[in-house]
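To start, the structure under review is shown below, and the notes come after it.
The values are calculated or read from the model by the stated rules, or taken from the named source; none is laboratory data. If you're wondering where the values come from, they're calculated on a predicted model, not measured in any experiment. Positions of Cβ are generated from backbone atoms using ideal geometry, with glycine treated the same way; all protein chains shown enter the neighbour counts. Surface accessibility is based on the protein's heavy atoms, side chains included, excluding ligands, DNA and RNA. Shrake-Rupley method; radii C 1.70, N 1.55, O 1.52, S 1.80 Å.
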Amino acid sequence: MTKHTEIQLKHYYEQGTIGPDLFDVVQTTTPEPQEGEVLIKQTYMSLDPAMLGWMMDDHDSYIPPVTLGEVMRSNGIGEVIASKHPDFAQGERVMGMMGWCEYAISNGQGLTKLQPGLNEEMALSVLSLPGLTAVQGLLNIGQPKSGETLVVTGAAGSVGSIVGQLGKACGLRVIGVVGSEEKADWIVNDLGFDGAINYKTDNLAAQLEALTPDKIDVFFENTGGPIQEVIFNRMNTHGRIVVCGMIADYQAEQPRPGPNWITVIKQRLSIQGFAMPDHLQDAPALIQQLMPYVQSGKIQYRAHVLEGLVSAVDGLNLFFSGENKGKLMVKL
């Protein structure tokens, strides 16, 4: 019998730094696939801000938390090592929910095959959850129109960077909010954003006013924080606000109060929150929407790759510090 390493959730996350005390790193017997199953050797594992919610004792959320004592939930890419499933063959590369583990058993549900030659980093950065989220949030909910102005927070992150590039491809003026001058330089000079704001600098309202002479039609919200109200107060009539994430509030004892709803009435704003588990059945259609932009070279990405399964534990803190550069993932 062979053994492999997996990481189980031991305690629910409440506040502060994420560390080894929340997890058990265990050696366990590598299972053999039964009829209708495949055994996958995971090679790349995605780290996503949504994991913070999955680690909390919140049973009213859009998806149940990970059960204590179970393998931490995550999406990944791997190679089929053994198969007793008619749709998957040994040696094929697949992507899907695998968890924090070196080997995973799957019944095939939710697994997609990677095209030969497709880079794993590109697949996780663009064709996995970040790209699907960007398409659903911006194109299907935000309904952008050429000539409009889009502001996206977390603009150098895995989702925000794709949102901004999709916006440019659709003919929008795109302004990104980031947490460093390096990230501001990247989204403007490499990704083609029209402007950037470092939220850690002063005079946020004046900076935003200068960059949005025609105000804002679409606001794609990934982070929360003080700049949220500044953006909200500059929305155009019939503007759309797409609420995807709120990383700034995940560690707060009390979330920030929301903007005044009188503005919602005056400006006839549409505000919609969304979570991708509601739309995963639409993944093939979302990828079809995304692929023309990818194939025409309009979507660039960068991956922030950590080495080794256990690096995931401390790696999640990069979402809070803002030190991750691009799509965060682990190479096993």
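A few points about this structure:
- Above-threshold pairs, the threshold being 27 Å between Cα atoms, out of K3/K84; K145/K298; K200/K331; K200/K325: K200/K331
- Coupling constants for the range 310-327 follow from the phi torsions by the Karplus curve (6.51 cos²θ - 1.76 cosθ + 1.60, θ = phi - 60°), and in residue order they are 5, 4, 5, 4, 6, x, 4, 5, 5, 5, 6, 7, x, 7, 6, 10, x, 5 Hz; glycine and proline get x.
- Cβ-derived FRET efficiency at R0 51 Å, N107 paired with R268, nearest 0.05: 0.60
- K168 accessible area, assembled protein chains, probe 1.4 Å, Å²: 70
- Whole-Hz couplings from phi, Karplus 6.51/-1.76/1.60, listed for the range 68-83; x for Gly and Pro: 4, x, 9, 4, 4, 6, 6, 9, x, 10, x, 10, 5, 8, 8, 9
- Cross-link pairs K215/K327; K41/K113; K10/K327 - those with Cα-Cα distance over 22 Å: K215/K327; K10/K327
- Heavy-atom accessible area with a 1.4 Å probe sorts I162, I141, largest first, into I141, I162.
- Taking every DSSP bridge with both residues inside the chain, close to 55 percent are antiparallel.
- Three-way shape label, the range 137-217, alpha-carbon gyration tensor, a/c 1.5: oblate
- Rounded if a/c under 1.5, otherwise prolate or oblate - the range 247-332, Cα gyration tensor axes: oblate
- Here the alpha carbons of the chain define both size measures, Rg and Dmax, at 20.3, 67 Å.
- Cα gyration tensor category, rounded, prolate or oblate, for the range 192-308 with a/c compared to 1.5: rounded
- The magnitude of the dipole of the chain, with charges of +1 and -1 set on the Cβ of Lys/Arg and Asp/Glu and taken from the Cα centre, is near 980 debye.
- Within the chain, helix-based [θ] at 222 nm, where runs of 4 or more DSSP H residues each add -39,500 (n - 2.57), nearest 500: -5500 deg cm²/dmol
- Chain lengthening between V305 and A206 when straightened (0.36 nm per residue, less Cα-Cα): 32.0 nm
- Interchain or long-range residues, amide H under 5 Å from F193's placed H: V188
- Radius of gyration over Kirkwood radius for the range 103-262, both on Cα atoms: the Rg/Rh ratio is 1.01.
- Size of the range 1-146: Rg and Dmax of its alpha carbons, in Å, are 16.9, 59.
- Springs join every pair of Cα atoms under 10 Å in this Gaussian network model of the chain, and among L118, L47, L138 the largest mean-square fluctuation is at L118.
- Efficiency of FRET between E14 and D314 - r from beta-carbon atoms, R0 25 angstrom, step 0.05: 0.90
- Of the two radii for the range 74-158, the radius of gyration is 1.09 times the Kirkwood radius, both from the alpha carbons; that is the Rg over Rh value.
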